[in-house]
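As structure tokens, the structure follows; a few thoughts come after it.
Bear in mind these aren't lab numbers, they're just calculated from the coordinates by the rules spelled out. All values reported here derive from a predicted model rather than from experimental measurement. Using ideal geometry, Cβ is built from the backbone for each residue, glycine included, and neighbour counts are taken over all protein chains shown.
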Amino acid sequence: MPSTRDIRRRIKSVKNTAQITKAMQLVAAAKMKKAQDQAANGRHYAEMMNKILVALKESAEEGIHPHFTEGKGNKTLVLVIATDKGLCGALNTNLLKKLINTKIDGEVEYVTIGRKASQGLARLRKTLIADFPIKDPAKFSEIRSVGRFLQDKFLTGEYKTVLVAFNNFINTVTQVPSIEQILPVNPVTLGGKRGFDEQSKEIDASELPQYTFEPGAAVVFETVLPQYVNGTLYQMLLEARASEHSSRMVAMKNATDNAKQLLKDLTLEYNKVRQAAITNELLEITTAKMALE
Amino acid sequence: MPLKLEIVTPEARIFSDEVDSVVLPGVEGELGILPAHAPLVTTLQCGELRILKSGKTTDLAVGEGLVEVTGSHARILTDMAIDVESIDEKAVEEALERAKHSLESLKHGEQQEEVAAVMAIIQRSTAQLQVKRRRRTV
């Protein structure tokens, strides 16, 4: 049986923890709101870009741009977008698990965003070729260097494909770890449902008007494709960030609830022990008195 | 028939309204878009974008991007779009100065990525300054 003092000490420490998790929950909730709004805002851009690309694809011949053809090499480059900080539930673990369970042929090399990704991959002894620290909230200009790096690597021809692993944001309680191909730009998923938004519909090319391209489809392609890659990467990052803050908010809420429950149990136990002690004392006094009589 | 103009950056939707016409900096020179324009897709240069709505003009500094025009819609996708009112001339000048400075120090190192990034900053800052100064002389 623990003494009342032990229990009191535990109650105090649990209370402190609850206070901290509660504060973290509030901070995460505020950040979550911002990140979710940002992700929702970015979807417009991604959607419009998709629409224009579908129209472009229709009017340009196949194989017109190196972004559309697989590299000659056998290697695969994977960009892993994870969080910088922990305490966000099983988000990073799930992502890494998904990555391990996905079979990728040939040699795989990794590029990371977020400290947890580089740490996790280092623990798994994977080949890490670059790590990009990106602040929170993320700015578009920061993703540009990542986009350029990936495209340069891809255009060397060493890599067959470039994939991105990130947590896709569905809603506050659901985030799905997903792996998507970004290069070569896939003409099937291109313009189709990217899965960022449940409401987004398949775009039918025949519904689009016949555009004139100035100065020409090929030149427009040349500028649009890198922008498309950057835009998509940015959107993926935003989704991952929204997932991070949502997941952290939920994890911290659970922690606070748990702490409260624990506090309740401990208080009950404390009272029981206290009462037992009092009863004991009374008993001793009465017994002593009876012995004297 | 009014023209519905939308300006979107990856970070937010900057502008969405019906306008009378819009003048934008295309790669092949300035481009005026009126309602019922033929469907067109072209790329955008750093520069000045003018929106005309019921006699009033709004100026924006835009970065590189993409324009899609259909008869009733004009959609602009760009990585920068800043209203001329909110351009802080001093801050931009400083940014430009810093960028030029770092470009000089970079040239020896030949880090292509960095150089390109700095060049982009220079282009964008210059566009912002142009728009801001033009407005004042008018």
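A few remarks follow.
- The charge dipole of chain A, taken about the Cα centre with unit charges on the Cβ atoms of Lys, Arg (+1) and Asp, Glu (-1), comes to about 1740 debye, rounded to the nearest 20.
- With Cα atoms, 0 to 90° folded angle of helix A:140-155 axis to chain A main axis: 60
- If R0 equals 35 Å, the separation of the Cβ atoms of A:Gln210 and B:Lys56 corresponds to a calculated FRET efficiency of about 0.55.
- Using the alpha-carbon positions of the protein assembly as shown, Rg (one decimal) and Dmax (whole number) come out as 28.9, 115 Å.
- With bins 5 Å wide beginning at 0, the percent of Cα pairs of the stretch A:39-247 falling in each bin runs 1, 7, 16, 19, 20, 17, 11, 6, 3, 1, 0.
- On full extension, the segment bounded by A:Arg8 and A:Lys103 gains 29.0 nm, given 0.36 nm per residue less the C-alpha separation.
- Three principal axis lengths of the stretch B:3-83 [C-alpha, angstrom, descending]: 26, 24, 20
- Taking max minus min of the alpha-carbon positions on each principal axis, chain B gives extents of 55, 31, 26 Å, largest first.
- Measuring between alpha carbons in the structure, the pairs from A:Lys57/A:Lys103; A:Lys33/A:Lys97; A:Lys31/B:Lys90; A:Lys57/A:Lys160; A:Lys85/A:Lys126; A:Lys12/A:Lys253 lying more than 25 angstrom apart are A:Lys57/A:Lys103; A:Lys33/A:Lys97; A:Lys31/B:Lys90.
- The alpha carbon radius of gyration of the stretch A:42-142, expressed as a multiple of 2.2 N^0.38 Å, is 1.35.
- If you take all other residues with their beta carbon under 13 Å from the beta carbon of B:Glu97, and give Lys and Arg +1 and Asp and Glu -1, the sum is -1.
- Degrees between helix A:217-292 axis and first principal axis of chain A (Cα, 0 to 90, nearest 10): 10
- Rounded to 10°, Cα long-axis angle of helix A:91-101 versus longest principal axis of chain A: 50
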